[in-house]
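The values are calculated or read from the model by the stated rules, or taken from the named source; none is laboratory data. Computed from a predicted model, the values in this text were never measured in an experiment. Ideal geometry is used to build each Cβ from the backbone, glycine not excepted, and the neighbour counts take in all protein chains shown. Side chains included, ligands, DNA and RNA excluded: accessible areas come from the protein's heavy atoms. Shrake-Rupley method; radii C 1.70, N 1.55, O 1.52, S 1.80 Å.
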Amino acid sequence: MASLYQRSGSKNWFVRFEYKGKVYRQSTGETERRKARKEMNKIITKVKGDFSVDYLLDQVVGAISRLPEKQQNKKRHEAARRLLQAVDSQVKISNAWQAWLQNPKKRNPGPKTLYSYHGRWNSFQKWVMKNHPEVVAVHELTATMAEEYAGYLWASGVSPSTYNLHINLLKSMCHVLKVQAGLAHNVWSDLPKMELETESRRELKPDELARVCRTAKGTMKYMFAIGLYTGMRLGDVCMLKWNEMDLKKGFIEHIPMKTKRKSKVVRLPIHPVLAAMLRELQKNRRKKDDYIFPHESMLYQQDSGAISKQIQKHFEANKIQTTEKPSNGHRKNVIVRVGFHSLRHSFVSLCAANNVPEVAIMELVGHGSPAMTRLYSHAGSEQKAKAIAALPAMSFQPEKKSNKPRKRKLR
């Protein structure tokens, strides 16, 4: 039978017990009897070799905590990975994409976003198969492997934005699959983001705006008018439907694609100049047309970049430089500074220059925060204020009258 006792001249409690004919005497290292009794049980368990799981885990945790700080996280992850190798509910890397798709914790991205996500995951999966064929399950990935892939990705010459998108996806997937894959640590969490070389559009100068509006023909003329007088994005303009428009009451009511997940409806008043152009457009509407721009809506869904390129050509034909070379050596493509989105900037700047309340601007353009609205509000000088104030009077080329119906083309 085990017993606790104190020796003369010592504050510590000692334990005495017999096991297999041998008597053991040992200090518990504790001065309080309650703590000494717990330590006595540990000592007896250690001698008998009858270690509980909790005791063994305590020993592992204690041993790791005594390591140098830089080694602790690495060793904890390694220990967790070795423990998880015995888990039945593993998520194989080859099945991770499907497991993520079916997990209710993930958000609900649209088809285009999912397509991009899948491409990034496939790139990583191929890299793992080539460089670490021994790794089969998600929990077997280590922080070192994450750093290796990040280094490989950056060395491939991708832009900072593309790099961040790749890492963010992998981090998000591991977060969503944490329980299902038995992950003790997200190996992507400690990787820093790369500094972005932002690609924000600038608003058009007064003479530039006058030229692009005056020379716009066909469908492009109407698209420009909607972009300038409502601040709508190109995709929303292309996909705008007649049932979202009430010319009698004078407003457009639609859900922007960028915030479609929130199902927030934006109500936009129709400017008189725009109303006149839309009535003109409505006269040539075919009964079967749900979209205001049937051809462009179909083209946008197939290849949104094709419409953007046509619009860029129009700007360039009006002697407006739309791009600039990147200063970051990791960016392959030029930076677009002028495009259809510039009309959105001009619209917001117009509102700001005319002292429209910030909350009203946010409602009109569907911005989620005042900080985002301030990002678009560039108007400051008197010259810009006068130019923006004159925007409602911008002239668009009138349609030529003809007895023969002709198709409108985006030029």
- Message: Looking only at the stretch 314-323, how many residues end up being within 30 Å of the chain's Cα centre (by Cα) and open to solvent by 40 Å² or more (accessible area, probe 1.4 Å)?
- Response: 2
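Taking the condition of a type outside the set (Ser, Thr, Tyr), open to solvent by 70 Å² or more (accessible area, probe 1.4 Å) and over 18 Å from the mean Cα position of the chain (by Cα), does LYS178 pass?
So LYS178 fits the description; yes.
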- Of LEU268, LEU274, LEU278, the only residue that is assigned to a strand (DSSP E or B) and open to solvent by less than 80 Å² (accessible area, probe 1.4 Å) is LEU268
- Item | Lone qualifier among ALA184, ALA155, ALA137, ALA143 - being open to solvent by 60 Å² or more (accessible area, probe 1.4 Å), at pLDDT 85 or above and of a type outside the set (D, E, K, R) | ALA155
- Of everything in the stretch 31-58 that's open to solvent by 90 Å² or more (accessible area, probe 1.4 Å) and within 27 Å of GLY182 (Cβ to Cβ), which residue is modelled with the lowest pLDDT? VAL53
- Looking at this structure, is VAL91 among the β-branched types (Val, Ile, Thr) and at pLDDT 85 or above? yes
- Which residues, counting only those in the stretch 130-151, are farther than 25 Å from ARG76 by Cβ and either in contact (Cβ under 8 Å) with a residue 24 or more places away in the chain or β-branched (Val, Ile, Thr) (or both)? none
- Taking the stretch 177-195 and keeping only residues that are assigned to a loop (DSSP other than H, G, I, E, B) and over 24 Å from SER161 (Cα atoms), one is left with LEU177, GLY182, LEU183, ALA184, HIS185
- Message: As an exercise: evaluate GLY218 against (1) open to solvent by 60 Å² or more (accessible area, probe 1.4 Å); (2) touching a strand residue (DSSP E or B) at 6+ places or on another chain (Cβ under 7 Å) and give the number of the one condition it does not meet.
- Response: (1)
- Give the residue that is nearest to the chain's Cα centre (by Cα), with candidates limited to residues of the stretch 187-206 that are among the charged types (D, E, K, R) and at pLDDT 85 or above. LYS193
- Query: Can you tell me which residue in the stretch 99-119 is farthest from the chain's Cα centre (by Cα), limited to those that are over 23 Å from GLY182 (Cβ atoms) and open to solvent by less than 60 Å² (accessible area, probe 1.4 Å)?
  - Reply: GLY119
- Item | Total residues in the stretch 284-304, condition buried (at least 16 other Cβ atoms within 10 Å of the Cβ) and over 20 Å from LYS221 (Cβ atoms) | 0
- Residue that is farthest from LYS325 (Cα to Cα), among those in the stretch 126-159 that are of a type in the set (Asp, Glu) and out of contact with any Lys or Arg (no Cβ under 7 Å at 6 or more places or on another chain): GLU134
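Take ASP207 and decide whether it is surrounded by fewer than 15 Cβ atoms within 10 Å (Cβ to Cβ), acidic (Asp, Glu) and closer than 23 Å to GLN312 by Cβ. Spell out how you get there, then give the answer.
On the way: surrounded by fewer than 15 Cβ atoms within 10 Å (Cβ to Cβ): yes; acidic (Asp, Glu): yes; closer than 23 Å to GLN312 by Cβ: yes.
So ASP207 passes the test.
Just to be sure I understand, how many residues within the stretch 166-175 are touching a Lys or Arg at 6+ places or on another chain (Cβ under 7 Å) and open to solvent by 20 Å² or more (accessible area, probe 1.4 Å)?
1
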- Item | Odd one out for MET245 among (1) in contact with a Leu (Cβ under 9 Å, 6 or more places away or on another chain); (2) modelled with pLDDT under 90 | (2)
- Failed item in (1) modelled with pLDDT under 90; (2) of a type in the set (A, V, I, L, M, F, W, C); (3) crowded, with 20+ Cβ neighbours inside 10 Å, with LEU234 passing the rest: (1)
- Task: Please work out if LYS262 is basic (Lys, Arg), out of contact with any helix residue (DSSP H, G or I) (no Cβ under 6 Å at 6 or more places or on another chain) and modelled with pLDDT of 90 or more.
- Result: no
- Query: In the stretch 201-232, what residues are in a loop (DSSP other than H, G, I, E, B) and under 17 Å from HIS271 (Cα atoms)?
  - Reply: GLY231, MET232
